[in-house]
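Some notes on the structure that comes next.
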Amino acid sequence: MYLQVACTTLLTRYFLGAQSYPDAIWPGQAADALRALIHAANLARDQGLGSVPKDMIAKDLKLFRHGVPAGLAELRRVPGGKTPPAPPLLECLRDREADMLRFLTDTAIPPTSNQAERDLRPAKTQQKISGRLRSAKTTRDRYAIRGCASTAAEHGYPVFTAIRDALARNPWMPPPAPAAA
């Protein structure tokens with residue numbers, strides 16, 4: 001799952017923007033289609049669906065899939081030279097499409113790692129300021145607390161209540177994901 005989320009985040013952030021390749025059509029087309037697919041996944045999740053209905057994504061999925069070979073045809077890896085981020089990401093998408101687009105077949109999987117990055121930001125800020133994190137155990141504990149708080153907030157459960165319950169050894173658990181249709 002981590003690979004899927006990380007690559008989807010990279011796809012949306014680094015190379016699918018039309019500004020990266022202003023003379024090409026495929027990046028803008030693929031970026032628009034990816035945004036539409038993510039929007040469809042969010043709508044399906046909000047409706048309590050386990051996966052995105054195929055008829056809801058057929059057009060955008062086709063546009064997105066056409067962008068991959070078009071991008072690979074236009075962008076070639078340079079042997080021995082510095083490779084821009086697009087070719088390896090396009091190859092990953094070509095070779096592992098099911099993993100990259102898993103958020104369409106399982107709405108419990110987030111399409112991007114934005115929330116995870118927000119959860120890590122305070123620790124990274126502390127590391128930049130002090131030059132280090134505390135101990136590995138303290139860091140693990142901090143991430144466990146952040147994960148508990150983030151998950152509770154995402155499900156509309158009071159964060160402090162979730163933390164208190166966890167400390168009292170009666171942790172709150174999110175409801176199970178709906179079964180895939």
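The values are calculated or read from the model by the stated rules, or taken from the named source; none is laboratory data. Remember, it's a predicted structure, so these values are computed and weren't measured experimentally. No Cβ is skipped: glycine too gets one built from the backbone with ideal geometry, and neighbour counts run over all protein chains shown.
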Please verify whether region 64-76 includes one or more residues that are within 17 Å of the chain's Cα centre (by Cα) and either farther than 30 Å from PRO175 by Cα or exposed (fewer than 15 other Cβ atoms within 10 Å of the Cβ) (or both). yes
Do you know which residues across region 40-59 are touching a helix residue (DSSP H, G or I) at 6+ places or on another chain (Cβ under 6 Å) and in contact (Cβ under 8 Å) with a residue 24 or more places away in the chain? ALA40, ALA41, SER51, VAL52, ILE57
Mind checking whether some residue in region 117-137 is at pLDDT below 80, within 21 Å of HIS39 (Cα to Cα), part of a helix (DSSP H, G or I) and out of contact with any Cys (no Cβ under 8 Å at 6 or more places or on another chain)? yes
Would you confirm whether or not region 151-162 contains a residue that is assigned to a helix (DSSP H, G or I), at pLDDT 85 or above and in contact with a Cys (Cβ under 7 Å, 6 or more places away or on another chain)? yes
Lone unmet requirement of (1) outside the structural domain of LEU34 (by TED's automatic domain parsing); (2) modelled with pLDDT under 75 for PRO85: (1)
Tell me, please, whether a residue that is surrounded by fewer than 19 Cβ atoms within 10 Å (Cβ to Cβ), outside any helix (DSSP H, G or I), modelled with pLDDT under 85 and out of contact with any helix residue (DSSP H, G or I) (no Cβ under 6 Å at 6 or more places or on another chain) can be found in region 2-15. no
Can you tell me how many residues in region 16-33 are over 17 Å from PRO87 (Cβ atoms) and either at pLDDT 90 or above or in a helix (DSSP H, G or I) (or both)? 6
